[in-house]
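In what follows, a single structure is set out as structure tokens and then discussed.
The values are calculated or read from the model by the stated rules, or taken from the named source; none is laboratory data. Since we're looking at a predicted model, the values are computed, not measured. Note: ideal-geometry Cβ built from the backbone for every residue, glycine included; neighbour counts use all protein chains shown. The accessibility values were calculated without ligands, DNA or RNA, using every heavy atom of the protein model including side chains. Shrake-Rupley method; radii C 1.70, N 1.55, O 1.52, S 1.80 Å.
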Amino acid sequence: ISNNFGPYDIAQRMYVFRANDAPGLDIYSYAVPDLRWENTGTFNIGLHTQMLNERLSLTLDYYHKKTKDALADTKADPTKGALYVKRNDGIVTNHGFEVSLSSKNVKLSDFEWNTFLNFNYNKSRVDQISETEDLAYWIAGKVLNRAGNEPKSIYVFEWAGIDKDGNG
């Protein structure tokens, strides 16, 4: 949990452009008294083998990670002056694999040539999160976490093209 959220209102200094630029305070982050650490469960399995008198090496790894109580923007009480606050309301799943292959191509007393090849794949998905607005003007051009999609996805309008006069 970062220093930006917690059980107390967090204020920041601001300037009001009235009353001779008198400084004031603005609530930066509203109190979330039941905020807690995210909870993550991980499963990993791997295989490592060497062949040809340790000149060829292969490593295979697979992982599956599920995070519960992930921080998410949730609707706030509008009478407090904020639309959203951070709460432990998300579930995110990550899984993937990695393949590594290495070889000792040439090994002399004063020279050695090794080759390393690595490939990995990762898939992340937001399984559950409080949905915010579904209005196109609110979603378009933003980086959001939405259920069923990858975390931090960018949402844009689908472009229909231009007409024969070149208008969009």
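Shown here for the stretch 71-120: chymotrypsin sites (Phe, Trp or Tyr not before Pro) in loop regions (DSSP other than H, G, I, E, B) with at most 10 other Cβ atoms within 10 Å, namely Phe111.
Amide H contacts of Asn145 (H built 1.01 Å from N, in plane; Pro and chain starts excluded): Lys152 sit under 5 Å, all sequence-distant by 5 or more or on other chains. Surface composition of the chain: carbon and sulfur make up 54 percent of the accessible area, probe 1.4 Å. The residues of the stretch 66-126 expose on average 66 square angstrom of accessible surface per residue, using a 1.4 Å probe on protein heavy atoms.
Starting from the Cα gyration tensor of the stretch 36-168, take the square roots of the eigenvalues, sort them a ≥ b ≥ c, and report rounded, prolate or oblate (rounded when a/c is under 1.5, otherwise prolate if a/b is larger than b/c, else oblate). Here the stretch 36-168 falls in the oblate category. Shown are Leu144, Leu52, Leu101, Leu58, whose ranking by accessible area with a 1.4 Å probe and every protein chain present, most to least, is Leu52, Leu101, Leu58, Leu144.
Sorting Asp34, Asp127 by accessible area puts them as Asp34, Asp127; the probe is 1.4 Å, largest comes first, and only protein heavy atoms count. Taking every alpha-carbon pair under 8 Å whose residues sit at least 6 apart, the chain reaches a relative contact order of 14 percent.
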